[in-house]
Amino acid sequence: MEHTDSIETFSMRGSAPGSFSCKIALTVLFTLFYALSLHSSVPFLSPVFKLILILLFAFSVSWISHIVIMFLIYLTSQPLILHTREDILDNGIPANVKIAFFRPIFSKSFAEMKSLLNSMEQDINNNGKANKNLKYIVIDNTRDEKVKKETRDAIKALQKTYGEDMVFYFHRNVKCDFFKKVGILLDSIMFLYEGWTKPELYTDQKWEKWAKGTRDQNEPMFDVILGDISSLGIKGSVADITSGKNVEVDKSERIELCFVSDADNVWPEGEVRKMVGKMLHPANRQISIFQPTIRVSNPDENKYINLTVLAREFEKFEPVGRWRLHRFSPFYGKGAMKLDNYIQDIALGEALHPGKAASHDFQEALKTPTVLTEDVYINEKTFSNKLSELKRNAQWLWGDMETVRQYILKNFESGRKAHLYILFRGIFGDLFFGAWLTLSFLLWWIGLVKPINVPFWFVTVGLAILYLGLPYFLSPFLIAEKDAEENILPNVLPEVSTVKKIWRSIHFCVQWFFIQQLDLIYKPKAAVINFLNQINEKPFVWKTGAMGEIETANMGLLDYYKSLWIPPVVGAVLVIMGLIGLIPFGLFMFSLPFALSFLLGPGLIYMTKAK
């Protein structure tokens with residue numbers, strides 16, 4: 001079944017006014033029903049609190065409206081598949097097309113580096129050892145001399161197996177340690193594309209506050225280069241590069257496309273060929289960044305990862321629906337770039353602020369045409385436990401806050417505006433929903449604003465059923481059936497009977513709800529800490545995902561309760577208050593699901609990290 005855009009050049013223009021109006025209408029309708037279910041008992045004072053509750057509720061319920069619309073869009077739309085060059089699918093990537101596979105890393109241990117090298121070797125084997133035009137390059141900023149030596153030895157072993165014209169290692173001069181991951185990537189790209197061996201980007205005085213002397217144009221950018229650089233089109237020696245002497249690049253041999261991966265990413269066999277076929281199709285010439293679909297490579301490693309896979313499959317209609325509607329995709333830092341477009345829009349334009357781009361990938365997508373490839377995917381490992389996820393989410397929130405603060409009021413087209421709204425909600429959604437829950441509890445308890453029983457329970461229970469029912473009960477049937485008919489990508493979930501599907505959804509919802517409600521405490525906490533650190537201009541301290549996994553790998557049940565002590569205390573207090581009658585029965589029932597989540601969540605995290 002072929003799905004293509006009908007015009008010669010892929011149009012980046014989406015159409016969203018109708019969907020936005022529908023979201024607003026649904027949100028207003030839900031909020032109106034909720035407002036009618038509240039009773040104000042004290043004149044003047046109660047209406048003020050009632051209005052606050054209504055506003056917090058409206059923001060929270062707007063996500064349910066968004067989910068409903070995206071679900072309908074996914075069900076009623078066709079896959080939006082980019083044109084692909086059939087000759088590349090049939091015969092392989094042309095030998096004259098040079099492709100760099102970059103893996104930037106800032107490892108503090110060889111264990112982290114070893115994980116990256118294992119993934120890179122899988123890529124080499126998956127994409128053909130004979131394809132010498134595919135270049136696999138580790139770009140490293142490690143400062144630990146022991147790790148550097150172990151890494152060089154491991155690289156040389158890979159070169160012995162696959163060739164010095166295929167495996168490369170660039171180590172960045174610490175005196176040029178600027179802009180972390182994106183900085184080392186930009187410097188490496190400009191070295192391969194233009195032959196720059198000393199800093200040329202972000203050298204203007206206006207960047208010095210953030211550069212802090214690391215853009216000295218007399219310093220070489222790299223102090224270690226391993227590999228046959230002539231096979232990269234470089235006309236010069238390693239000594240030239242490490243001494244800061246600019247080199248000539250043969251334009252007929254230089255890198256044309258680049259793939260960027262994290263340490264745990266692996267491109268399955270055939271997926272790179274499909275991606276290159278799209279990147280080289282003339283209809284896609286204006287596109288800079290190609291974001292593949294992301295799948296989990298270790299779905300059965302433990303119960304939490306299995307729950308994560310189910311969540312991604314059940315909820316995938318939301319990001320894909322946005323792509324089909326707006327013809328825009330965010331970039332998640334693992335994907336492919338056409339260097340001529342990317343260099344013009346991002347590198348030479350110095351489009352990213354070095355002090356405000358921790359989430360550089362999202363900001364890159366705001367600055368240059370970025371698309372989703374529904375029919376091409378990359379594998380990644382995901383968090384093995386919720387605590388590791390919470391640690392990483394706190395760092396992601398930092399970058400999301402920087403992005404929202406810079407761009408939320410900018411005049412973008414619908415797709416980028418929609419993504420900024422998603423980021424805004426990611427920062428404030430749990431904070432506002434938690435505030436609504438807390439204020440509802442307190443006002444109900446002291447009697448200032450009380451629910452009118454039947455309408456209140458009808459609205460809240462009805463919305464909860466809608467929120468859980470669409471993605472977790474309807475999606476496994478309707479979305480799965482649609483996907484099977486379209487056959488875009490291999491199935492992730494095994495086919496099971498209807499009864500087993502329903503039981504799987506019930507089992508998933510119970511565990512997922514009790515674990516994920518911990519976000520109500522820890523995401524707002526992380527957002528507040530990040531905000532205070534940002535306004536006080538404290539530096540962003542990045543930790544790799546591997547470090548979070550290492551820190552939580554051997555934790556026991558008691559360790560989880562010690563690390564996540566706030567929710568169990570809150571949950572225990574609520575349960576005790578309900579059992580001894582300090583709060584009304586209706587209020588106890590309203591708060592009980594969240595109290596149990598807080599009380600049992602750390603224990604479930606411990607249980608689900610097991611196989």
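The values are calculated or read from the model by the stated rules, or taken from the named source; none is laboratory data. Bear in mind that the values here come from a model prediction, so they are computed numbers and not experimental data. Quick reminder, even Gly has a Cβ in these numbers, built from the backbone with ideal geometry, and neighbours come from all protein chains shown. When the accessible area is computed, the model is the full protein with side chains, heavy atoms only, and any ligands, DNA or RNA have been set aside. Shrake-Rupley method; radii C 1.70, N 1.55, O 1.52, S 1.80 Å.
Quick notes
- Filter pass, Ile576 being in contact with a helix residue (DSSP H, G or I) (Cβ under 8 Å, 6 or more places away or on another chain), assigned to a helix (DSSP H, G or I) and surrounded by fewer than 16 Cβ atoms within 10 Å (Cβ to Cβ): no
- Members of the stretch 209-231 that are in a helix (DSSP H, G or I) and either modelled with pLDDT of 95 or more or open to solvent by less than 50 Å² (accessible area, probe 1.4 Å) (or both): Ala211, Ile229, Ser230, Ser231
- Filter result (part of a helix (DSSP H, G or I) and open to solvent by less than 20 Å² (accessible area, probe 1.4 Å)) within the stretch 361-374: Gln363, Glu364, Ala365, Leu366
- If you filter the stretch 344-358 down to residues that are in contact (Cβ under 8 Å) with a residue 60 or more places away in the chain and either of a type in the set (Gly, Ala, Ser) or open to solvent by less than 10 Å² (accessible area, probe 1.4 Å) (or both), you find that the one that is nearest to Lys206 (Cα to Cα) is Gly355.
- Qualifying residue in the stretch 579-589 (condition: small (Gly, Ala, Ser), at pLDDT 95 or above and in a helix (DSSP H, G or I)): no
- Of all residues in the stretch 475-493 being of a type in the set (A, V, I, L, M, F, W, C) and in a helix (DSSP H, G or I), the one that is least open to solvent (accessible area, probe 1.4 Å): Ile479
- Output for the stretch 232-249, where each listed residue is more than 17 Å from His171 (Cβ to Cβ) and open to solvent by 40 Å² or more (accessible area, probe 1.4 Å): Lys235, Lys245, Asn246, Glu248
- Taken over the stretch 409-438, residues that are under 24 Å from Gln363 (Cβ atoms) and either hydroxyl-bearing (Ser, Thr, Tyr) or part of a helix (DSSP H, G or I) (or both) amount to 18.
- Close Cβ contacts (under 9 Å, 6 or more residues apart or on different chains) running from residues in the stretch 198-218 that are under 21 Å from Glu248 (Cα atoms) to residues that are crowded, with 20+ Cβ neighbours inside 10 Å and of a type in the set (A, V, I, L, M) comprise Lys198/Met221; Pro199/Ala211; Pro199/Met221; Glu200/Met190; Leu201/Leu186; Leu201/Met190; Leu201/Ala347.
- Selection of the stretch 250-269 for residues being in contact (Cβ under 8 Å) with a residue 60 or more places away in the chain and either open to solvent by 10 Å² or more (accessible area, probe 1.4 Å) or small (Gly, Ala, Ser) (or both) yields Ser252, Glu253, Arg254, Glu256, Ser261, Asp262, Ala263, Asp264, Val266, Pro268, Glu269.
- Index of the failed condition, Ile529 passing every other in (1) touching a residue at least 12 places away in the same chain (Cβ under 8 Å); (2) open to solvent by 50 Å² or more (accessible area, probe 1.4 Å); (3) over 22 Å from the mean Cα position of the chain (by Cα): (3)
- Residue check, Val449 β-branched (Val, Ile, Thr) and surrounded by 16 or more Cβ atoms within 10 Å (Cβ to Cβ): yes
- Test result for Ser384, of a type in the set (Gly, Ala, Ser), in a helix (DSSP H, G or I) and touching a residue at least 24 places away in the same chain (Cβ under 8 Å): no
- Residue tally, condition among the β-branched types (Val, Ile, Thr) and under 30 Å from Leu431 (Cα atoms), over the stretch 471-516: 3
- Every test in (1) within 23 Å of the chain's Cα centre (by Cα); (2) open to solvent by 60 Å² or more (accessible area, probe 1.4 Å) is passed by Ser414 save one, and that test is (2).
- Sole exception among (1) of a type in the set (Val, Ile, Thr); (2) under 23 Å from Ala464 (Cβ atoms); (3) outside any helix (DSSP H, G or I) for Val541, by number: (2)
- The stretch 284-334: number of residues that are among the small types (Gly, Ala, Ser) and over 19 Å from Phe10 (Cβ atoms): 3
- Cβ-Cβ under 7 Å pairs, at least 6 apart or on other chains, the stretch 273-301 side modelled with pLDDT of 95 or more and basic (Lys, Arg), far side open to solvent by 50 Å² or more (accessible area, probe 1.4 Å) and part of a loop (DSSP other than H, G, I, E, B): Arg295/Val492
- Selection of helices (runs of 4 or more DSSP H) fully inside the stretch 41-159 by the criterion of at least 3 residues being touching a helix residue (DSSP H, G or I) at 6+ places or on another chain (Cβ under 7 Å) and in contact (Cβ under 8 Å) with a residue 24 or more places away in the chain returns 45-76, 110-126.
- Residue in the stretch 513-528 that is over 30 Å from Ile465 (Cα atoms) and either among the aliphatic types (A, V, I, L, M) or out of contact with any strand residue (DSSP E or B) (no Cβ under 6 Å at 6 or more places or on another chain) (or both) present: yes
- Members of the stretch 238-273 that are of a type in the set (Gly, Ala, Ser) and in a loop (DSSP other than H, G, I, E, B): Ser243, Gly244, Ser252, Ser261, Ala263, Gly270
- Among the residues of the stretch 50-83, those identified as among the aromatic types (Phe, Trp, Tyr) and over 29 Å from His39 (Cα atoms) are Phe71, Tyr74.
- Among residues of the stretch 89-122, those that are open to solvent by less than 50 Å² (accessible area, probe 1.4 Å), closer than 12 Å to Asp264 by Cβ and touching a strand residue (DSSP E or B) at 6+ places or on another chain (Cβ under 6 Å), counted: 5
- Out of Phe458, Phe441, sole residue that is touching a residue at least 60 places away in the same chain (Cβ under 8 Å), part of a helix (DSSP H, G or I) and open to solvent by 70 Å² or more (accessible area, probe 1.4 Å): Phe458
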